[in-house]
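Peer 1: Dumping the structure here so I can ask a few things about it.
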Amino acid sequence: MEKEIDLLMMKNRLEKQQKELSVRVKAERKKSGPNSMANPDRADLARDYTNRARRLSELERSEEQLKETEEALQRIENGTYGQCTHCGAFILPGRLEALPVAPLCINCQRQESR
């Protein structure tokens, strides 16, 4: 039998994750601005473009993680945390332990992944 979800522990874990992601997003936004080089050559421009593309990709990933974390915290506040947002079934506590932001039960996740 699966153990029950400790909502207070999960909320604390998600709030900590939210703070860390907020700091990361803020830092990545600062770094993702244009680089001002005096007289850049093609190699400098190519390197700058590649670095900027990588930073923007990291920023997008961090923003998505932050959004998922905030949505999970909202589900805790609404009293729907641990319920699948698609079918309403309960999400296994082991799944939430591994992925606290999981909005879907494993069956709905499988269907969505197809």
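Peer 1: What pairs can you find where one residue is in the range 39-67 and without any contact (Cβ under 8 Å) to a residue 40 or more places away in the chain and under 10 Å from Glu28 (Cα atoms), the other is surrounded by 12 or more Cβ atoms within 10 Å (Cβ to Cβ) and among the polar types (S, T, N, Q), and their Cβ atoms are less than 8 Å apart, with a gap of 6+ or different chains?
Peer 2: Cβ pairs passing all conditions: Arg55/Ser32; Leu56/Ser32; Leu59/Ser32.
Peer 1: Sticking with this structure for a sec: So which pairs qualify, if the first residue must be in the range 71-82 and within 11 Å of Pro103 (Cβ to Cβ) and in contact (Cβ under 8 Å) with a residue 24 or more places away in the chain, the second must be among the charged types (D, E, K, R) and outside any loop (DSSP other than H, G, I, E, B), the Cβ gap must be under 6 Å, and the two must be at least 6 apart or on different chains?
Peer 2: Sorted first by the residue in the range 71-82, then by its partner, the pairs are Tyr81/Arg75.
Peer 1: Also: From (1) at pLDDT 95 or above; (2) assigned to a helix (DSSP H, G or I); (3) touching a helix residue (DSSP H, G or I) at 6+ places or on another chain (Cβ under 7 Å), pick out the condition that doesn't hold for Glu64.
Peer 2: For Glu64, the failing item is (3).
Peer 1: Further, regarding this structure: Can you confirm whether Glu112 is assigned to a helix (DSSP H, G or I), in contact with a His (Cβ under 9 Å, 6 or more places away or on another chain) and either of a type in the set (Ser, Thr, Tyr) or at pLDDT below 95 (or both)?
Peer 2: yes
Peer 1: If you go through the range 87-101 one residue at a time, how many are part of a loop (DSSP other than H, G, I, E, B) and either in contact (Cβ under 8 Å) with a residue 24 or more places away in the chain or polar (S, T, N, Q) (or both)? Give the steps one after another, and end with the answer.
Peer 2: We begin by selecting, within the range 87-101, every residue part of a loop (DSSP other than H, G, I, E, B); these are 87-89, 91-92, 99-101.
Now drop any that are not either in contact (Cβ under 8 Å) with a residue 24 or more places away in the chain or polar (S, T, N, Q) (or both), which leaves 92, 100-101.
Adding up the residues that qualify gives 3.
Peer 1: Hey, can you tell me all the residues within the range 3-26 that are assigned to a helix (DSSP H, G or I) and free of Cβ contacts under 8 Å to residues at least 24 places away in the same chain?
Peer 2: Of everything in the range 3-26, those that are assigned to a helix (DSSP H, G or I) and free of Cβ contacts under 8 Å to residues at least 24 places away in the same chain turn out to be Leu8, Met9, Asn12, Lys16, Lys19, Glu20, Val23, Lys26.
The values are calculated or read from the model by the stated rules, or taken from the named source; none is laboratory data. Just so it is clear, the structure is predicted and the values come from calculations on it, not from any experiment. Please note: Cβ atoms are built from the backbone with ideal geometry, for glycine as well, and neighbour counts cover all protein chains shown.
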